[in-house]
Amino acid sequence: MPAELICFSPGCRARFAITDVLYNCPRCGGLIEASYPDWSYEPAALKKLWRERRMSNLPLDASGVWRYREIIPFLAESDRVVSLREGNTPLLDAPRAAAYAGLDRLTFKHQGFNPTGSFKDNGMTCGAAQALRLGMKRVACVSTGNTSASMAAYASAAGLDPIVFIPHGNISYGKLAQALDYGARTLQVEANFDQILALVRTLADRIGIYLLNSINPFRIEGQKTIVVEMMDQRDWRVPDWIVLPGGALGNTSAFGKALREMRALGLIDRTPRLAVIQAEGSAPFYDLAHAPEGASLRAVENPETLATAIRIGDPVSWPKALYEVRCSNGLVEKVSEQEIADAKAQIGRCGIGSEPASAATLAGIRKLRAAGLMRGDEDVVAVLTGNLLKDPDYIYRYHTGQLTTPSGTKIVSTFANQPTVVPNDPDRIADLLS
Ligand code: F0G
C-alpha cells in the first residue's frame with residue numbers, strides 16, 4: 001500500500017515521501033497530511049474483518065487504533081508499533097445530560113477511558129511508531145497537559161527519550177504528575193502554549209528532536225480511529241452530529257479526514273455534522289467561522305479559560321479544521337466558563353465525569369439547542385476528551401463554591417455538592433442522614 005505525505009493547501013498539493021520529516025510544506029508552508037492514493041477496499045469485508053479482530057488477543061488487534069490499520073496504512077511494517085491498548089473507549093448513554101441540553105437522547109464517546117486518560121493516546125501510538133520507523137531517539141511536544149502525558153507514556157514505552165514543554169503554572173497537576181511519572185524531561189516554560197510552540201519548532205531542527213504535536217500528520221492518522229471506532233460501535237449508523245471541544249484543532253482535522261475517507265471508501269453513506277465548541281476566552285476558531293468567507297485566523301493573544309486543555313489562542317491546524325467543518329456542513333460555537341462548569345457537574349451526575357474541556361461539548365449542545373440550531377430529536381454523539389481525574393482541583397473548587405474565572409469572576413456553583421464535616425458520633429450522623 002503506497003502512502004505519501006501531501007501538502008494540504010489546495011493551490012499546492014506538493015507530494016513527499018512518507019518517511020520525510022515534515023510538519024509544514026517546504027514549498028508553501030501549508031499543513032501536511034498522509035495520503036493513500038490507490039487504496040480501495042470492499043466495505044462489507046473490511047467491516048467484518050474489523051469486527052472479528054475484537055475477538056483476537058493479538059496486541060495489534062486488541063488496540064482500538066491498530067485494529068483499524070487498513071484506514072491508517074502509513075507503516076510498511078507493523079512490528080515497531082507500541083500499543084498500551086489505546087482506544088476501545090465506550091459509547092455511554094447519558095439521559096440526564098440529554099435532558100439538561102434539551103435532547104431526547106445523548107451519547108458520550110468517552111476518550112477519558114484511554115491508558116493515559118485522554119484521546120491523545122489514539123494519535124500518540126501512531127506518532128511513536130513513526131518516530132521509531134524514522135530511527136528517532138528524542139521526541140518532544142508542547143502541551144496544555146494531555147499531549148505531554150500521552151507522549152511521555154508512549155515514548156518511554158517505546159524506548160525513546162521524551163521532552164515535554166509546558167506553560168508554567170497553567171496545566172493541571174494531574175497531567176504534570178503523569179509526565180513526571182512516565183519519565184519525561186519536563187520543562188516548564190514561562191510562556192503560553194502558542195509562544196512555546198513557536199519556540200519548540202525552532203528548537204526541533206536545531207537540536208534534532210522529533211515533534212509530536214498535532215501538526216505531526218501521524219498523530220492525526222491515529223485520532224481518525226476515534227470516529228471509525230465510533231461508527232463500528234454503532235453498527236455503522238451515522239449520527240446527525242458529532243460534537244467535540246476545539247483547542248489546537250488537531251482532533252477536528254482528524255475527525256473530518258476520517259469522515260471524508262470513510263465516505264470515499266464506502267464505509268458510510270452520509271456525513272454527520274461536526275460541531276466544534278470553544279471556550280469564550282480562547283475562541284479564535286469561533287471568530288474565524290463567523291468571519292466573512294476567505295478570512296484568515298486572527299490569534300487571541302492572551303487566551304484564558306479554566307479549561308486549561310483548550311487554552312490556545314493560535315491553533316495551527318485551523319486551515320484543515322475550517323475545511324472539515326465546512327465539508328461536514330458543521331458549525332462552531334463558544335461557551336462561557338459558567339456554562340462549562342455547570343455542564344461538567346451535569347456530566348458527573350450521570351456517573352460519567354470528565355475534565356473541564358470535555359464538558360464544553362454539553363454546554364455547546366445546550367446552547368445550540370436553545371438557539372434552534374440543533375433539533376431535540378437529532379442523534380448526537382459528544383466526545384468527552386479527557387478523564388475526570390485529570391483536574392480534581394477544579395471539581396473540588398466548583399462543589400465548594402471556590403471556583404473563579406481567570407479574570408476573577410466567581411463561578412456560581414449551581415449544582416454544588418458540598419462535603420460535610422461530621423463528628424465521630426453515630427447519633428449526630430444518624431440525625432444528619434435521616
Ligand atoms: N480536550 C482535551 C482534554 C484536550 O487535552 C485538548 C487538547 C482538546 C480537547 C482540544 O483538542 O487541540 O485537537 O483541538 N489538548 C492539547 C494538549 C492541546 O496539549 O494536550 P485539539
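The values are calculated or read from the model by the stated rules, or taken from the named source; none is laboratory data. All figures in this text were calculated on a predicted structure; none of them were measured in a lab. Counting neighbours? That spans all protein chains shown, and the Cβs are built from the backbone with ideal geometry, glycine included. Only protein heavy atoms, including side chains, enter the accessible area calculation; ligands, DNA and RNA are left aside. Shrake-Rupley method; radii C 1.70, N 1.55, O 1.52, S 1.80 Å.
A few notes on this one:
- Rounded to 10°, Cα long-axis angle of helix 217-233 versus longest principal axis of the chain: 60 degrees
- Near Gly30, once Lys and Arg are set to +1 and Asp and Glu to -1 for all other residues with Cβ below 11 Å from its Cβ, the sum equals +2.
- With R₀ set to 22 Å, the beta-carbon distance separating Asn170 from Ala295 gives a calculated FRET efficiency near 0.15.
- Our estimate of slack between Glu70 and Asp38, defined as 0.36 nm per intervening residue step minus the Cα-Cα distance, is 10.3 nm.
- Counting only alpha carbon atoms, the long axis of helix 250-264 and the longest principal axis of the chain meet at about 60°.
- C-alpha long axis of helix 120-133 to longest principal axis of the chain, angle in °: 30 degrees
- Spin-label model, Glu77/Arg96: points 7 Å from Cα along the beta carbon direction are separated by 5.2 nm.
- Kirkwood hydrodynamic radius (C-alpha pairs) into Stokes-Einstein, the chain, 37 °C and 0.692 mPa s, D in µm²/s: 150 µm²/s
- Relative to the current alpha-carbon distance between Arg260 and Asp161, full extension at 0.36 nm per residue lengthens the span by 32.2 nm.
- Computing Rg and the Kirkwood Rh from the Cα coordinates of the range 173-266 gives a ratio, Rg/Rh, of 1.07.
- Surface share of carbon and sulfur [accessible, 1.4 angstrom probe, percent] for the chain: 50 percent
- Within straight-line reach of Lys334, meaning a Cα separation under 27 Å, sit the following lysines at least 8 residues removed in sequence or on another chain: Lys109, Lys120, Lys175, Lys224, Lys257, Lys320, Lys344, Lys367, Lys390, Lys410.
- Estimated inter-spin distance, Asp269 and Arg375, nm [label 7 Å along Cα→Cβ]: 1.8 nm
- As a calculated quantity, the FRET efficiency between Asp393 and Asp425 at R0 = 22 Å, using C-beta atoms, amounts to about 0.10.
- Net charge of the neighbourhood of Asp79, taken over other residues with C-beta under 14 Å away and scored Lys/Arg +1, Asp/Glu -1, is +2.
- Computed FRET value (nearest 0.05) for Ala45 with Arg349, which takes r as the C-beta separation and R₀ as 45 Å: 0.55
- Approximating the spin labels as points 7 Å out from Cα along Cα→Cβ, the Ile207-to-Asn302 distance works out to 2.9 nm.
- Values of log10 I(q)/I(0), in the order q = 0.17 Å⁻¹, for the range 39-147 under a Debye, Cα-only, solvent-free model: -0.94
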